[in-house]
């Protein structure tokens, strides 16, 4: 099949001035830093062949136009191919002094990406993939390349490391140079339970023409192995595994995830996993356990006060295997165990710190746990029109600052906070 050259665009996050409120990433004073970053803005030392690379420069002295977004050009070169490109990096917001930008990767012999950088492979032996080097003034950064990436995910494509047996398991491969341009291609893989000995063949389908992202799913089950029945059988503590050989056969990628009897997680009011609980507010917990029916329990404990509570969880629907429940949280200097209210405190310090809350669910295996810390307030930025939490805004948007602080203010009155 012909190789691919991709021009995938990734959404970058920009901070903007909204009225009198400045949403900006503040660069600390100090030495200039240059870093390769992934699509989420996190530092990385690895990119997938044919994907996009991004780079970040932290240099406050280059904020030459106060109140405006500046830009700089950063040179990025490929060691083996000798190709180079100057990447335009724009300031993440007025006066941040942090500049980000990127370009697409292609391979020598394929149509060059624009804007982008062509890379090569040293045939060896052993074969070696190219290395990227970014330079700006006295700073430099390097990143290596891999032929593909393999991972287990949830239904939304977020990487995970554990599944509760009975859940649907999701497999994802990123192989940008496999397949044919303009078509939706397929990959064929074999998934296995390492200890249980089960094996299942699965087809991964590309998410769209030339995306290079392939996804597929299987149901899982707790029990003995029945190979090739389209259901991945395993036992508590088993390892789920699949491998993928990349487009040119150089790299063999292996992805592992743990199979467990149940999963326990704290969740926020929107049902999203969280590691933060609001003192004086309400906490929520979710258990996924396909061996429980109708209802189940979670045992809670606060490390600073020693309080213990048993929380009743109700299944979200018949046969879903998902159980949720809520509990009230007090800020207290002591404990009154099993009164239905979790009394939390703070560590003595100095300075005083949050309490830590542990959750334990007893299942048919070794049990599952979750942990969260308490806070006195939670601040979110919300859309003024529909009150939804947002992570980014554009100039001209109207936003609301939402503060939850149950232990602040005077009972029975409408209070305000600075």
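Please arrange 170, 402, 361 by how many other C-beta atoms lie within 10 Å of their C-beta, fewest to most.
402, 170, 361
Given the C-alpha atoms of the range 80-137, compute the convex hull and give its volume per residue in Å³.
Dividing the Cα hull volume of the range 80-137 by its residue count gives 94 Å³.
Counting DSSP beta bridges with both partners in the range 184-290, what percentage is antiparallel, nearest 5?
Approximately 85 percent, going by the DSSP bridge assignments.
Mind checking which of 385, 39, 255 has the largest fluctuation in a GNM of the chain, springs on alpha carbons under 10 Å?
It is 385.
Could you tell me how far the Cα centroid of the range 173-236 sits from the Cα centroid of the range 278-292, in Å?
Taking the Cα centre of the range 173-236 as reference, the centre of the range 278-292 is 31 Å away.
Give the separation of the Cα centroids, the range 86-102 to the range 357-383, in Å.
The range 86-102 and the range 357-383 have Cα centres spaced 36 Å from each other.
Please compute the Cα-Cα pair-distance distribution of the range 36-195 with 10 Å bins starting at 0, giving whole percents from short to long.
9, 31, 29, 21, 9, 1, 0
Every number in this text was worked out from the coordinates using simple rules, so none of it is lab data. This one's a predicted model, so the numbers in the text were calculated from it and none came from an experiment. We place every Cβ from the backbone using ideal geometry, glycine too, and count neighbours over all the protein chains shown.
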